[in-house]
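Below: the structure, in structure tokens.
The values are calculated or read from the model by the stated rules, or taken from the named source; none is laboratory data. Everything quoted here is computed from the prediction, not taken from an experiment. Here the Cβ positions follow ideal geometry from the backbone for every residue, glycine too, while neighbour counts run over all protein chains shown.
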Amino acid sequence: MAEIVLRQVQKSYSKDVRVIHGVNVTIADGEFIVIVGPSGCGKSTLLRMIAGLETVTAGEIAVGGRVVNHVEPKDRNIAMVFQNYALYPHMTVYENMSYGLRIRRVPPAQIRERVQRAARILELGPFLQRRPRELSGGQRQRVAMGRAIVREPAAFLFDEPLSNLDAKLRVQMRLEIQKLHRSLKTTSIFVTHDQVEAMTLADRMIVMNAGVVEQVGRPIEVYDKPASVFVAGFIGSPAMNFLPGRRTGNEVDLGGVRVPMPAALAQAAGDAVMVGIRPEHLQAEGAGPRFAFSVETVEALGADSLVHGRVGEGLISARVDGHATPQVGAALSFRAIPERLHFFDAATGKRLAA
Amino acid sequence: MEKRVVFRSAWLPYVLVAPQIAITVIFFFWPAAQAVYYAFLVQDPFGQSSTFVWFQNFRELFHDSTYLESFKVTALFSVIVAGVGIASSLLLAVMAERVVRGAVFYKTLLIWPYAVAPAVAGVLWAFLFAPSIGIVAYWLRRMGVNWNWNVNGDQALLLVIIAATWKQISYNVLFFIAGLQSIPRSLLEAAAIDGASPLRRFWTIVFPLLSPTTFFLLVINIVYAFFDTFGVIDATTQGGPAQSTQILVYKVYFDGVKAADLGGSAAQSVVLMIIVISLTVVQFRFVEKKVQY
Amino acid sequence: MVENRPFATFVAHAILILGVAIVAFPLYVTFVASTLTYDQIVTVPMPLIPGDQLIDNYAKVLGSGSEKGSHAAVLPMLVNSFVMAMGVALGKIAISIISAFAIVYFRFPLRNFFFWMIFVTLMLPIEVRIIPTFKVASDLHLLNSYAGLILPLIASATATFLFRQFYLTVPDELAEAARMDGAGPLRFFWDVLLPLSKTNIAALFVILFILGWNQYLWPLLITSDESMYTVVIGIKRMFAGGDATSEWNLIMATAMLALLPPALVVVLMQKWFVKGLVETEK
């Protein structure tokens, strides 16, 4: 079975420099899990630890029930797709894809069969005798994936594989990766800094920040109930609005606007509360709290426009129809959908829970 | 610079470096150490025993007029070879970069002398300048010059200078061309628009930007003149006539092999070692600082 | 240049032609001399057009050497030079490429120590330690042997540095991908690193071959037996000393033979030669 379990995994480079703090995740067999976070958050390091390219300072990593902390990468039965493709420049596509199998002394007939099958899936058939330098970026990335596929491993590890491609190609490759996962059903761990990739590809997401796992969950869960200010601001585009305020009783005063809080949350909260509301959840009419501001900037995106203004001490953006064209200086008023309001403890950044 | 990725093995790296380390220890460190050691000894005439004499060999060396003379000859020799070599190569390289047609042709023809061994270069020029039969010697005599380098020390020095410089031109030209090609054309075009003439552009832009290359070649040429020209000297003048072409490295050889003065020769080796190490250190420090990659 | 100045271009060509002429002149005269008889040379001025003794002189020189001075036939000397040059080039490349691999791709105690040890060899050319080196070679019974000719010359580190520089530019991910594919260090070296090093090896080979062929001081010391002479030494030994008494036509023929192989290598492999020179001196 290709279940991957991370138990209290930590990484430190020296006594004082700890880059990964206690990660605990169980990745189910066949799951497509995405590790997402900003640059430097440790997601690539975590992936490389699973691969065996970095050592584990503390904790355990188990693949298919077997603890692999001290097992060589080649013996962990996993395959990796690198950001820069890492194709052997002097070998043909066929040789690149078959290299791992040749080392393992797989019989040539079987090698041929596996390579051709992968080539069919990835539409690389015409390129098998070419060298990497003769291929485009997208083709090279597919060869890198082909190299992983022929190994028929227990899990695929993807290290920001789409970051080097241009925007259009990235969208195309995203769909291809989805298709691939549907047909092969291999456990996959995908690292990216792009939250759109994370949302579209993941069965579940691991959101990381500064070496700490902030939240693990399905995309819609992370979108609906972000566990912290960081996750809330990182996931979802355009980004969530954050308005700082003081809580008195069951209300939060944002400096001009009073937002009611559910009693259960108010009990758990301190005095400083951060209120979050996504731009798309501010509507023209409704029963929720009213946000009024004068327009400072307008961003026209075609189907929608984003209007920006100020409420209390915070900046706020709202989404309006692209043809509404409000002017700078216009006074607008929105109603927040009450169920879509998020409350965070301003000191810890964590979501307030009953 | 370090690599992020390394292999782990307890024994393999040692096996891989072993051949080179072995050769280095046996044929470099051990002889070098011995050279230093011998410099502090004096061997008795029959080579039976040796006595430790501290710096006596060195003191004798610096009081020996032939040694000091050798120093002077070497200094003169290397300065002229380096100076003339660099100047003429720079000129040729600039001209070669300038012409559009035939550039490859010229470059190929200018580069091939690198293949000629210094000793062979010496023989070729000795032939041209041979007092009785050399063709250049003939023209010199026709012009009234009394040419006989077998007898005239200055002329012998001139001969080896010419042979040594000739051989080194191709090397210098190659590096100057590489250096010239790395100067962005846009700089020169901007200067031209600003009104600078070609000559001015050369002195105010090209030459300063070329200075790392020039400095590098200066050190290389001096080291070349000190050591690699041994072949030139031995094949032609053997340090003569009357030690007028006896450069330091030649004297090391002569005293050690022909005159069997091991202590003195070793002391000279040590002095040369110090000189070349200083040159290398200077080059590394200076060039590494100034060169932009 | 930037502007189009016909006169300056003309001057440039003139200077270049003059330069090439000066550079080529000795070669031309040598070639002509190698095709004349002894008497033709000795009668000044020597003719400047090739004579008719080409086959004669070269055959004599290859077969039986000159009559005055050294008697050694040149053909065996050419063989010696070739063996030595190949030995130095291949030997140096072989030990350096694996050393550089070890130093770059492994962490082990003494790594830095070995690195500096090898680095130090760049500082002292062989001429400075020539006599003790001779003694060591003699003690090891290497006199008058190919091993003696070759081994002491492969001690310096230029090749190691070149390979080290090159390996540092090879992307880390290539080694990681190979590791994930299951390749151990030696396999990685053989299947991936070595093929990628091909141009560097070619460039180094050209430089080292020429260096080995043109060696003078060391072969001079270590070979006393005529059968082991290299062609560069052979020329010097042909000099009976002085000037008129040497057999100039044969000496010149030998000189041509001595410089032809390296010159051919330079001209035919110019691209690699240039790359090799520039890379080794950085």
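Considering the conditions (1) modelled with pLDDT under 90; (2) hydrophobic (A, V, I, L, M, F, W, C); (3) crowded, with 21+ Cβ neighbours inside 10 Å, A:Ala284 is excluded by exactly one of them, (3). Could you please let me know if A:Gln141 is more than 11 Å from chain C (Cβ to nearest Cβ) and in a loop (DSSP other than H, G, I, E, B)? Here the answer is no, as A:Gln141 does not meet what is asked.
Would you point out which residue out of B:Thr237, B:Thr214 is among the polar types (S, T, N, Q) and modelled with pLDDT of 85 or more? I'd like the intermediate steps shown before the answer.
On the way: B:Thr237 fails: modelled with pLDDT of 85 or more.
Matching residue, one of B:Thr237, B:Thr214: B:Thr214.
Sort out which residues of segment C:1-32 are within 7 Å of chain B (Cβ to nearest Cβ) and not in a helix (DSSP H, G or I), and write them in order of number. The answer is C:Met1, C:Val2, C:Glu3. Mind checking which residues of segment A:266-281 are at pLDDT below 85 and surrounded by 14 or more Cβ atoms within 10 Å (Cβ to Cβ)? Matches in segment A:266-281: A:Ala266, A:Ala269.
Every condition in (1) of a type in the set (D, E, K, R); (2) more than 14 Å from chain A (Cβ to nearest Cβ); (3) surrounded by 17 or more Cβ atoms within 10 Å (Cβ to Cβ) is met by C:Arg111 except one, and the failing one is (3).
Could you go through segment B:196-208 and let me know if any residue there is within 30 Å of C:Thr9 (Cβ to Cβ) and in contact with a Ser or Thr (Cβ under 9 Å, 6 or more places away or on another chain).
We begin by selecting, within segment B:196-208, every residue within 30 Å of C:Thr9 (Cβ to Cβ); these are B:196-208.
Cutting the leftovers down to in contact with a Ser or Thr (Cβ under 9 Å, 6 or more places away or on another chain) gives us B:196, B:207.
Yes, segment B:196-208 has at least one match.
Within this structure, A:Gly249 fails the test of being more than 30 Å from A:Val212 (Cα to Cα), buried (at least 16 other Cβ atoms within 10 Å of the Cβ) and not β-branched (Val, Ile, Thr).
None of B:Val151, B:Val145 is more than 29 Å from B:Tyr171 (Cα to Cα), surrounded by fewer than 18 Cβ atoms within 10 Å (Cβ to Cβ) and in contact (Cβ under 8 Å) with a residue 12 or more places away in the chain except B:Val151. Hey, among the residues in segment B:66-107 that are among the basic types (Lys, Arg) and within 24 Å of the chain's Cα centre (by Cα), which one's modelled with the lowest pLDDT? In this case the residue turns out to be B:Lys107. Selection of helices (runs of 4 or more DSSP H) fully inside segment B:183-293 by the criterion of at least 2 residues being touching a residue at least 12 places away in the same chain (Cβ under 8 Å) and of a type in the set (Ser, Thr, Tyr) returns B:211-223, B:248-253, B:262-290.
Yes/no per residue for (1) farther than 30 Å from B:Ile247 by Cα; (2) at the interface with chain B (Cβ under 8 Å from one of its Cβ atoms):
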| position | (1), (2) |
| --- | --- |
| C:Ser81 | no, no |
| C:Ile95 | yes, yes |
| C:Val104 | yes, yes |
| C:Trp116 | yes, no |
| C:Leu143 | no, no |
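For (1) part of a loop (DSSP other than H, G, I, E, B); (2) closer than 30 Å to B:Trp203 by Cα, each residue gets a yes or a no:
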position: B:Ser89; (1), (2): no, yes
position: B:Leu92; (1), (2): no, yes
position: B:Arg141; (1), (2): no, no
position: B:Asn150; (1), (2): yes, no
position: B:Gln168; (1), (2): no, yes
position: B:Phe176; (1), (2): no, yes
position: B:Leu180; (1), (2): no, yes
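Being assigned to a helix (DSSP H, G or I), more than 8 Å from every other protein chain (Cβ to nearest Cβ) and more than 28 Å from the chain's Cα centre (by Cα) is a condition met by at least one residue of segment B:54-65. The residue pairs whose first member lies in segment B:88-101 and is within 8 Å of chain C (Cβ to nearest Cβ), whose second member is of a type in the set (Ser, Thr, Tyr) and crowded, with 19+ Cβ neighbours inside 10 Å, and whose beta carbons are closer than 9 Å, counting only pairs six or more residues apart or on different chains, are B:Ser88/B:Thr165; B:Leu92/B:Tyr106; B:Met95/B:Tyr106; B:Ala96/B:Tyr106; B:Val99/B:Tyr106.
Counting only residues that are away from chain C (no Cβ under 12 Å) and either assigned to a loop (DSSP other than H, G, I, E, B) or touching a helix residue (DSSP H, G or I) at 6+ places or on another chain (Cβ under 8 Å) (or both), segment A:40-62 holds 7 of them.
Has segment C:185-198 got at least one residue that is of a type in the set (Asp, Glu) and either more than 9 Å from chain B (Cβ to nearest Cβ) or under 21 Å from C:Tyr105 (Cα atoms) (or both)? Among the residues of segment C:185-198, at least one is of a type in the set (Asp, Glu) and either more than 9 Å from chain B (Cβ to nearest Cβ) or under 21 Å from C:Tyr105 (Cα atoms) (or both), which makes the answer yes. Close Cβ contacts (under 7 Å, 6 or more residues apart or on different chains) running from residues in segment A:85-106 that are closer than 15 Å to C:Phe188 by Cβ and at the interface with chain C (Cβ under 7 Å from one of its Cβ atoms) to residues that are of a type in the set (A, V, I, L, M, F, W, C) and buried (at least 20 other Cβ atoms within 10 Å of the Cβ) comprise A:Ala86/A:Ala144; A:Ala86/C:Leu174; A:Ala86/C:Ala177; A:Tyr88/C:Leu174; A:Tyr88/C:Val192; A:Ile103/C:Ala183.
Among all positions in segment B:203-210, there is no residue which is closer than 24 Å to C:Gly19 by Cα, within 10 Å of chain C (Cβ to nearest Cβ) and either crowded, with 16+ Cβ neighbours inside 10 Å or of a type in the set (Asp, Glu) (or both).
Residues of segment B:116-126 include none that is surrounded by fewer than 21 Cβ atoms within 10 Å (Cβ to Cβ), at pLDDT 85 or above, under 19 Å from the mean Cα position of the chain (by Cα) and assigned to a helix (DSSP H, G or I). Given the conditions (1) in contact with a Ser or Thr (Cβ under 8 Å, 6 or more places away or on another chain); (2) part of a helix (DSSP H, G or I); (3) over 19 Å from A:Thr186 (Cα atoms), report the number of the one that A:Arg102 does not fulfil. Exception for A:Arg102: condition (1). Within segment B:262-269, not a single residue is surrounded by fewer than 22 Cβ atoms within 10 Å (Cβ to Cβ) and either within 12 Å of another protein chain (Cβ to nearest Cβ) or in contact with a strand residue (DSSP E or B) (Cβ under 8 Å, 6 or more places away or on another chain) (or both). Taking the criterion of being under 21 Å from C:Ala178 (Cα atoms), surrounded by fewer than 14 Cβ atoms within 10 Å (Cβ to Cβ) and more than 13 Å from chain C (Cβ to nearest Cβ), the only residue of segment A:63-76 that qualifies is A:His70.
For segment C:157-179, filtered to residues that are assigned to a loop (DSSP other than H, G, I, E, B) and surrounded by fewer than 22 Cβ atoms within 10 Å (Cβ to Cβ), the residue that is farthest from the other protein chains (Cβ to nearest Cβ) is C:Val170.
In segment C:33-145, which helices (runs of 4 or more DSSP H) lie fully inside it and hold 1 or more residues that are within 30 Å of C:Ile251 (Cβ to Cβ) and under 22 Å from the mean Cα position of the chain (by Cα)?
Details: elements: C:38-42, C:54-64, C:74-105, C:111-120, C:130-139.
Answer list for segment C:33-145: C:54-64, C:74-105, C:130-139.
Filtering segment A:118-168 down to residues that are of a type in the set (Lys, Arg) and within 30 Å of A:Val5 (Cα to Cα), which residue is surrounded by the most Cβ atoms within 10 Å (Cβ to Cβ)? Result: A:Arg147. For segment C:190-216, a tally of residues being more than 30 Å from C:Leu149 (Cα to Cα) and surrounded by 22 or more Cβ atoms within 10 Å (Cβ to Cβ) returns 2.
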